[in-house]
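Taking it in order: structure first as structure tokens, then the write-up.
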Amino acid sequence: MHALSLKQLAEGLRRRQFSSRELTRHFLDRVQRLDKTYNSFITVTPELALAQADAADAAIAAGTAGALTGIPLAQKDIFCTRGVRTSCASRMLDNFTAPYDATVVRKLHAEAGMVMLGKCNMDEFAMGSSNETSWYGPVRNPWDTRRVPGGSSGGSAAAVAAGLAPAATATDTGGSIRQPAALTNLTGIKPTYGRVSRYGMIAFASSLDQGGVLARSAEDAAMVLQAMIGFDPLDSTSVQRDSESFTGTLGRSVAGLRIGLPREYFAEGLSPGVRRCVDAAVRQLQEMGAVTLDISLPNAMLSVPTYYVVAPAEASSNLARYDGVRFGHRAEAVRNLEDLYRRSRGEGFGPEVQRRIMVGTYVLSHGYYDAYYLQAQKVRKLIYEDFRAAFGQCDLILGPTTTDVAFELDSKTDDPVAMYLNDIYTIAANLAGIPAMSLPCGFDDGLPVGMQLMGDFFQEGRLLNVAHQYQQATSGHLRLPKGCE
Ligand code: GLN
């Protein structure tokens, strides 16, 4: 059952080949048997899952089931879940049980009828590219357990890649859906900023954070994303759009589609193995009738330094709420109020989170604001202008998602800049707010390689369509890691 697509799972449920309870048990059993190795879940919720499965089976019997009713799903532990610990992989929130559901959680479970298997591991407060900053320990890549699955949505990625969940939610502030997708042979999409409600999604950098999905195909991703989007009055940056069907447009031909290849994304720093796979995918799309043209995103390579001013600035403000007073970790035997703040924050936050808070506080401080924060905002505008110009020439942009395949655990933990460079190709889309996705495009020495598609605002349907067409012509995305078949 873990090798089936969401459509096949829905069909199996509808025809009563298996019940949602059986399906849920199958995945819970796999989690119990295999996740000791991967550490992809922080919290598993078997009782809740089985109760939701029974409700789904009743809906199926009553003929009131929707397209996703009864299908299991894993939630990144950044989404608030009422009555279930929501830790954000931080010691700070290890004792936090959310009093309410995130909009995404409400939509996927209460409304769409999906079954929640549990909460996935991640980098602490979504800060990282390897899932090594988690308070609950690193996640291992199912394709090679000595390697990282990427981050920050590393637990979501490993769970889906290993067949412990059919799909998982994830979030992407600078690449946290796309980079893990690339490193674990998954399809992941970060929609346009404002598409998916941020209500109940623990804030990292509010102007960049966006929820999305990790799945095994573009079709699966389209089905889940469809259920996640929509205007939400509880999120002031939520966008109001007419409803669109991402699943309804997957069948369109790519003939005549203009694909821009940014020269900056195929320059120095790209590994030959990744380049070979992405080049082959470009040829495949050309054979299918797409037209490619060379484009330039001249400011894209400024995105990493820009992001590492903007994101920590917003994080330092967002994380100010964790002060040990109302919720979260509280230091014991404090001497006075300042001691309470200092020690609660010092004990509750890990080193990477502390680094971001310090950088963010610095760039926002009087005397440095103009030199760093204001400057970064100006460059952010230039990056956005690059995309505006590019989408005057092409319908979508294609390039590698990462410079290389998954790296070994602990190989970059002492070098934050090397870690930050993981997101060199992904961050620009967050700064501009445009939708972007990663999908598998081959293997380098047995390790998955991903290609990235970026589209203009609200062009998720087109990205998913192109990805689906590519996946109809190829089969690499269906490969499972050894031991997970
Ligand atoms: N790796 C980037 C960071 O560490 C992006 C993380 C994310 O998208 N949440 O900030």
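Mind ranking 150-162, 206-218, 61-73 by how tightly packed they are, going by the mean number of other C-beta atoms within 10 angstrom, highest first? Intermediate values should be presented prior to the final figure.
Working: 150-162: 34.6, 206-218: 26.2, 61-73: 19.2.
Descending packing order for the listed peptides: 150-162, 206-218, 61-73.
Pairs of Cα atoms under 8 Å, at least six residues apart: use those to get the relative contact order of region 172-268, whole percent. Please list the in-between numbers first.
Values: 122 pairs, mean separation 24.0, N = 97.
Over region 172-268, the number comes to 25 percent.
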Just want to confirm a number: the relative contact order over the chain, from Cα pairs under 8 angstrom separated by 6+ residues, in percent. 18 percent
Taking amide H atoms as placed 1.01 Å from N in the peptide plane, list the residues 5 or more away in sequence, or in a different chain, whose amide H sits under 5 Å from that of ILE177. none
Sorted largest first, the Cα spans of region 131-236 on the principal axes come out in Å as 43, 31, 18
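Below 8 Å, C-alpha to C-alpha, sequence gap of six or more: please give me the relative contact order for region 279-436 in percent. Mind showing how you got there, number by number?
Values: 131 pairs, mean separation 49.1, N = 158.
After rounding, I find 31 percent.
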Placing +1 at every Lys and Arg Cβ and -1 at every Asp and Glu Cβ, with all other atoms neutral, what dipole size does the chain have around its Cα centre, in debye to the nearest 20? 640 debye
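What fraction of the DSSP beta bridges in the chain is antiparallel, stated in percent and rounded to the nearest 5?
Details: 31 of 44 bridges.
Of all bridge pairs located within the chain, approximately 70 percent are antiparallel.
With Rg and the Kirkwood Rh both taken from Cα atoms, where does Rg over Rh land for region 39-79? Before the final figure, lay out each step's value.
Values: Rg = 12.2 Å, Rh = 11.5 Å.
Taking Rh as the inverse mean 1/r over Cα pairs, Rg/Rh reads 1.06.
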Signed unit charges on C-beta, dipole axis of the chain, positive-most listed residue GLY151, GLY476, ALA10: ALA10
Which ³J(HN,Hα) values, rounded to whole Hz and listed in residue order, are derived for region 13-27 from phi using the Karplus coefficients 6.51, -1.76 and 1.60 in 6.51 cos²θ - 1.76 cosθ + 1.60 with θ = phi - 60°, glycine and proline given as x? 5, 5, 7, 6, 5, 8, 8, 5, 4, 5, 4, 5, 4, 4, 6
Mind putting together the pair-distance distribution for region 221-352? All Cα pairs, 10 Å bins, whole percent per bin, short to long. 9, 18, 22, 25, 15, 8, 2, 0
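Step through the table entries LYS36/LYS412; LYS7/LYS482; LYS7/LYS381; LYS412/LYS482; LYS107/LYS378, compare each Cα-Cα distance with 30 Å, and write down the pairs that go over it. Walk me through the intermediate numbers first.
Working: LYS36/LYS412 24 Å; LYS7/LYS482 24 Å; LYS7/LYS381 40 Å; LYS412/LYS482 26 Å; LYS107/LYS378 36 Å.
The pairs that break the limit, which is 30 Å between Cα atoms, are LYS7/LYS381; LYS107/LYS378.
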Using the Cα atoms of the chain, I'd like the radius of gyration and the largest Cα-Cα distance, Dmax, both in angstrom. 21.2, 70
Return the calculated 222 nm mean residue ellipticity for the chain, to the nearest 500 deg cm²/dmol, obtained by summing -39500 (n - 2.57) across DSSP H runs with n ≥ 4 and dividing by the residue count. -11000 deg cm²/dmol
Tally Lys/Arg at +1 and Asp/Glu at -1 over every other residue whose Cβ is under 13 Å from the Cβ of ASP123; what's the total? -2
Taking every other residue with Cβ under 9 Å from the Cβ of THR81 and scoring Lys and Arg +1, Asp and Glu -1, one gets +1
Please give the net charge around ASP54, taking every other residue with its beta carbon less than 13 angstrom from that of ASP54, where Lys and Arg add +1 and Asp and Glu add -1. -1
Under 18 Å from the Cα of LYS76 - aspartates and glutamates, other chains or at least 8 residues apart: ASP35, ASP94, ASP101, ASP123, GLU124, GLU132, ASP172, ASP209, ASP220
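Readers should treat all values here as calculations from the given coordinates under stated rules, not as data from a laboratory. Owing to the predicted nature of the structure, the values given are computational and were not obtained by experimental measurement. Cβ: placed from backbone, ideal geometry, glycine included. Neighbour counts: every protein chain shown.
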